[in-house]
1. With labels modelled as points extended 7 Å from the Cα through the Cβ direction, what inter-label distance (nm, one decimal) is found for Asn22 paired with Ala63?
2. Starting from the Cα of Ser14, step 7 Å along the direction of its Cβ; do the same at Ser88; then give the gap between the two resulting points in nm.
3. Say R0 is 41 Å: what FRET efficiency, to the nearest 0.05, do Thr6 and Asn101 get from their beta-carbon distance?
4. How long, wide and thick is the range 1-106, going by the Cα atoms along their three principal axes, in whole angstroms, largest first?
5. Taking the mean number of other Cβ atoms within 10 Å as a proxy for protection, how do you rank 23-30, 99-106, 44-51 from highest to lowest?
Amino acid sequence: MAVTETVILTSGTSWTVPNTWNSSNNTVTCIGGGAGGGANTGSGRGGGGGGAQVINTNVTLTAGGTISYAIGAGGGSGAAGGDTTFNSSAMVAKGGSSTANSSGGSGGTTAASTGTTKYAGGNGGAGSAVQGGGGGGGGAGGTTAGGSNGGNVTSAIGGNGGAGGATGGGATATGTATTAVQAGWPGLNIVTGK
């Protein structure tokens, strides 16, 4: 019977490849950090863009080797989300962009990401200077589709956050990595079969 091992990395900068690593049966997933919405200066600001997701399968690594990585943090008010990387720049999931006005920030793009399968984060929704609410944040890229765009403001209440792509990301900015456990949070998910 095959055994699956899952590693979820949410902090740190290096990972030691286990002796059980199988280079012909594994999946590595990176999710970039979502951006913070625009800082409120008396009128509604746009929502931050969601982070992209990158998925590589059958990654060749050497058991006992050390792999460098970075976990992209969610952006605070008016700040971009960080990029999540694995094995230096072999995999890069671009973080979302923030905004300084009422238009929404851009989601992490596939063009700025590196990897085999890439899904963009959703764009942040637009805020409203007249109605005062902020736009919803974009959803993170999912495992089979890009994230949805955040909702635009329709009243003094802020717009809804965008849904994650298919079974992947959600609108949350920070946390753990795995789409199976807590979808849409920046980080790194490594699954290998034995």
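Since every read-out is calculated from the coordinates, none of them should be taken as a lab result. Computed from a predicted model, the values in this text were never measured in an experiment. Neighbour counts run over all protein chains shown; Cβ positions are idealised from the backbone, glycine included.
1. Calculated label separation equals 1.3 nm.
2. 1.5 nm
3. With R0 = 41 Å, the Cβ-Cβ based efficiency is 0.50.
4. Projected onto its principal axes, the Cα set of the range 1-106 covers 58, 24, 20 Å.
5. Ranked from most to least packed, the peptides come out as 44-51, 99-106, 23-30.
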